[in-house]
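K.L.:
Questions regarding the structure given below will be posed in turn.
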Number of protein chains: 2
Amino acid sequence: MDKAESWLYKTLHYRFEDAGLFEDAGLLNQALTHRSATGRNNERLEFLGDAVLDLVISDAVYRARPEAPEGDLSRLRSSLVKEKTLAALAAELGVGDYLILGSGEKKTGGHRRESILADALESIVGAVFLDGGIEAATEIIERVFAQRLDDLPAADQLRDPKTRLQEWLQGRGRGLPEYELVNISGQAHRQMFEVSCSVDETASVTHGTSTTRRKAEQKAAAEMLAILLENQT
Amino acid sequence: MDKAESWLYKTLHYRFEDAGLFEDAGLLNQALTHRSATGRNNERLEFLGDAVLDLVISDAVYRARPEAPEGDLSRLRSSLVKEKTLAALAAELGVGDYLILGSGEKKTGGHRRESILADALESIVGAVFLDGGIEAATEIIERVFAQRLDDLPAADQLRDPKTRLQEWLQGRGRGLPEYELVNISGQAHRQMFEVSCSVDETASVTHGTSTTRRKAEQKAAAEMLAILLENQT
């Protein structure tokens, strides 16, 4: 076994059957090869691995939440397969030490770049899928995500603040919140939007400021929700 | 077997093991139940089936095009799993006759609506996956998509006209095409954009008009490409 193969065996307990399917290198080497390097890179494996990961995580979330509506399942899945999560998992596994990068990427810290780490993890999944089938891929995914799947957040925690505020109010028979654009400042293309959020029968008005009107509304909603939750106790 | 089960067996050669896993109905009935109807609907199965379909088609495309870059694989997959394709396949299979819809949807032709047909097909895939595992789901997907997979278009046919025009020119060592906004007409929110496309050393200039600048450019590019291809023969 070469260094990368030993590492994979130690961390994910997987040993490739076929270490030299392609002329230039084995599947694992291909999975670790960023497009900045010469040779067969991991883009095709990433395409495949992304779909494998999506299915295995969809299935896990579906089974973990037998009563959750589809929207909650989608949000749970997104929280697990988004680039930030995949990059964190890849870093925990130490993928960065085995990446094969072009010299430019190497110099500029490519082995720590989130997109490169996330793509490499998906590519490894794709490589294992090709080598050992869906069962083998499922095993390593469940191993990588074990902690995350155990600690699956309550689905409603993943809803955005505006949605949660609305649901909270509706659950108490209260009216919808109102959002108002209070101010736009800054030059074109760098504008900042300030939005207020008010709720029937509540004296407090909250404000949010951000680069888009929608983001500003979410901020104002999050603050209003915090006030309401605090006042109810 | 009830009517829907006989139909599925006849068209897709699949027989559900578990026809009554849920209290209210079997998996197939759930897969055919639109959210407008009462009872357990197909939204959760669609979530799962969408991921199953994505993987099986990704795998098929990956194997069918061993040399294609990732971008081409993505475009090929999209062309197969997009709503329009799924709705057409569902209609060919006769899914519409077995849909369980609310009375409102029934009256307004819901059994022919593309989104409802496409979602039901994905839900059937999800139901077969739960019932018979990935092998059974793969079998019915390959059966449904057999013709489409046999007739897989050349990947470059799926690139947009601007990309194809640029590639055609670059392949012949010629300069990039130039796009110019010629005219904007119509009232705000209903504007029409007219764009011209010109190519170095070519006398012809083509024009495209559409609701967005980007679409107008694509039209102008498509026309330019047609002229160039015609003139080369």
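K.L.:
Just name the residue that is surrounded by the fewest Cβ atoms within 10 Å (Cβ to Cβ) out of those in region A:85-120 that are among the polar types (S, T, N, Q) and at pLDDT 95 or above.
P.N.:
A:Ser115
K.L.:
Follow-up question, since we're still on this one. Just to check your reading of the model, which residue among B:Ile140, B:Ile124, B:Ile227, B:Ile184 is of a type outside the set (Asp, Glu), at negative phi and touching a Ser or Thr at 6+ places or on another chain (Cβ under 9 Å)?
P.N.:
Criteria check complete, one pass: B:Ile227.
K.L.:
If I ask for residues that are more than 7 Å from chain A (Cβ to nearest Cβ) and either free of Cβ contacts under 8 Å to residues at least 40 places away in the same chain or not in a helix (DSSP H, G or I) (or both), which ones from region B:46-64 would you list?
P.N.:
The one that is more than 7 Å from chain A (Cβ to nearest Cβ) and either free of Cβ contacts under 8 Å to residues at least 40 places away in the same chain or not in a helix (DSSP H, G or I) (or both): B:Arg63.
K.L.:
Filter region B:31-45 down to residues that are part of a helix (DSSP H, G or I) and surrounded by 24 or more Cβ atoms within 10 Å (Cβ to Cβ) and give me whichever is farthest from the other protein chains (Cβ to nearest Cβ).
P.N.:
B:Ala31
K.L.:
Given the structure, is B:Thr212 in the same structural domain as B:Trp168 (by TED's automatic domain parsing) and under 23 Å from the mean Cα position of the chain (by Cα)?
P.N.:
Judged against the criteria, B:Thr212 is a match.
K.L.:
OK, next. With the structure loaded, tell me whether B:Glu230 is modelled with pLDDT under 95, assigned to a helix (DSSP H, G or I) and surrounded by fewer than 12 Cβ atoms within 10 Å (Cβ to Cβ) or whether it fails that test.
P.N.:
yes
K.L.:
Among B:Val81, B:Val95, which is the only one that is more than 10 Å from chain A (Cβ to nearest Cβ) and under 30 Å from A:Ala127 (Cα atoms)?
P.N.:
Result: B:Val81 is the single residue among B:Val81, B:Val95 that is more than 10 Å from chain A (Cβ to nearest Cβ) and under 30 Å from A:Ala127 (Cα atoms).
K.L.:
Test B:Leu149 against the stated conditions and say whether it is assigned by TED's automatic domain parsing to the domain that holds B:Leu55 and either closer than 23 Å to B:Gly71 by Cβ or not in a helix (DSSP H, G or I) (or both).
P.N.:
yes
K.L.:
So, one more: Pairs under 7 Å by beta carbon, first residue touching a residue at least 60 places away in the same chain (Cβ under 8 Å) in region B:66-77, partner of a type in the set (Gly, Ala, Ser), six or more apart or different chains?
P.N.:
Every condition considered, the pairs that remain are B:Ala68/B:Ala155; B:Asp72/B:Ala155; B:Arg75/B:Ala155; B:Leu76/B:Ala155.
K.L.:
Output the residues belonging to region A:179-207 that are under 19 Å from A:Leu225 (Cα atoms) and free of Cβ contacts under 8 Å to residues at least 12 places away in the same chain.
P.N.:
A:Ala203, A:Val205
The values are calculated or read from the model by the stated rules, or taken from the named source; none is laboratory data. Predicted model, so just to flag it, every value in this text is computed and none were measured. Every residue, glycine as well, gets a Cβ built from its backbone with ideal geometry; the counts of neighbours run over all protein chains shown.
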